[in-house]
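The values are calculated or read from the model by the stated rules, or taken from the named source; none is laboratory data. Since the model is a prediction, treat every value here as computed from it, not as a measurement. Note that each Cβ is placed from the backbone with ideal geometry, even for glycine, and that neighbours are counted across all protein chains shown. For accessibility, only protein heavy atoms count, side chains too; no ligands or nucleic acids. Shrake-Rupley method; radii C 1.70, N 1.55, O 1.52, S 1.80 Å.
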Amino acid sequence: MKVKGSRVPVRPVQQCVIVHGYESSPDANWFPWLQSALEAEGIAVTVVSLPDPDDPDKAAWDNAVSAALGVPDAATVVVAHSLGVVTVLRVLAALPEPWELGGLVLVAGFTEPLEALPELDGFLATDVDVERVAMSIGERTVLRSDTDPFVPPEASDDIARRLSARVQIHPRAGHFMTEDGVTSLPALLDLLLSR
C-alpha cells in the first residue's frame with residue numbers, strides 16, 4: 001500500500017529510538033536484538049527506559065520519551081511497542097510545528113482503553129490527534145498479530161487507518177513478547193534497513 005499525505009522526505013535511518021511498553025524494560029523481548037542488529041549497521045540506537053513500567057505515570061513516560069527523542073528529523077525512526085505507542089504519539093503531538101520524523105513503526109499499538117487491561121484506563125483517558133501527527137512522519141507502519149491476547153486487531157488497525165500507515169500482520173506472534181516466542185523481529189529490521 002502506498003503511504004500518502006506525508007511531506008517528509010525519506011532518508012536512510014541514522015538514528016532509532018525504541019520505546020518499550022507496560023510491564024517491560026529495554027532489555028526485554030526483542031529490543032536488545034533490534035538494538036544490536038541496528039548498531040551493527042552503524043545506526044545510533046536509544047532504547048528509552050520508562051520509569052515505573054508496572055505502574056506507569058503518563059507525565060513521567062511522556063517526559064522520558066521527549067528527552068530521548070529531542071527534536072526528530074528525517075533520518076530518525078521511532079519504534080514503539082504496546083503502551084509505548086500512545087506515549088510516542090502523545091509526545092509527537094506536543095512538539096511545536098514544524099517538525100519531521102523519518103519513520104514510525106508501531107508494534108501491537110493502541111490508543112484507547114483495552115478490555116484486557118482496565119488498570120490502564122486512566123493512562124489512556126485522552127486521545128491523540130493521530131491524523132495531524134501523521135502529516136509530519138515519512139514512513140508509517142503498524143505491526144500486529146492475529147493472536148494478541150491484550151490488543152484486539154481492530155485497535156491496531158484503527159491506528160494504521162488514522163496514520164495512513166501500512167499494516168504488517170505477523171501470524172501467531174501474540175503480543176510480540178518473549179513469552180510469545182518473539183525475541184527477534186527480522187521483518188522489522190528489514191523494514192528499517194530498506195528505507
Q: Could you list all residues from region 1-24 that are surrounded by fewer than 14 Cβ atoms within 10 Å (Cβ to Cβ) and at pLDDT 95 or above?
A: none
Q: Under 7 Å between Cβ atoms, at least 6 apart or on separate chains: pull out the pairs that start in region 140-159 with a residue that is over 25 Å from Ala74 (Cα atoms) and end on any residue that is part of a helix (DSSP H, G or I).
A: Asp146/Pro153
Q. Any idea which residue in region 42-79 is surrounded by the fewest Cβ atoms within 10 Å (Cβ to Cβ), counting only those that are touching a Gly at 6+ places or on another chain (Cβ under 7 Å) and outside any loop (DSSP other than H, G, I, E, B)?
A. Thr76
Q) over 16 Å from the mean Cα position of the chain (by Cα) and either outside any loop (DSSP other than H, G, I, E, B) or farther than 22 Å from Ser24 by Cβ (or both), is that true of Glu139? A) no
(Q) Being among the β-branched types (Val, Ile, Thr), at pLDDT below 95 and surrounded by 18 or more Cβ atoms within 10 Å (Cβ to Cβ) is the requirement here; does Val182 meet it? (A) no
Q: Keeping to region 123-138, report how many residues are open to solvent by 30 Å² or more (accessible area, probe 1.4 Å) and in contact with a Lys or Arg (Cβ under 6 Å, 6 or more places away or on another chain).
A: 1
**Q.** Tally, over region 142-195, of residues that are in contact with a His (Cβ under 7 Å, 6 or more places away or on another chain), closer than 21 Å to Val45 by Cα and in a loop (DSSP other than H, G, I, E, B)
**A.** 1
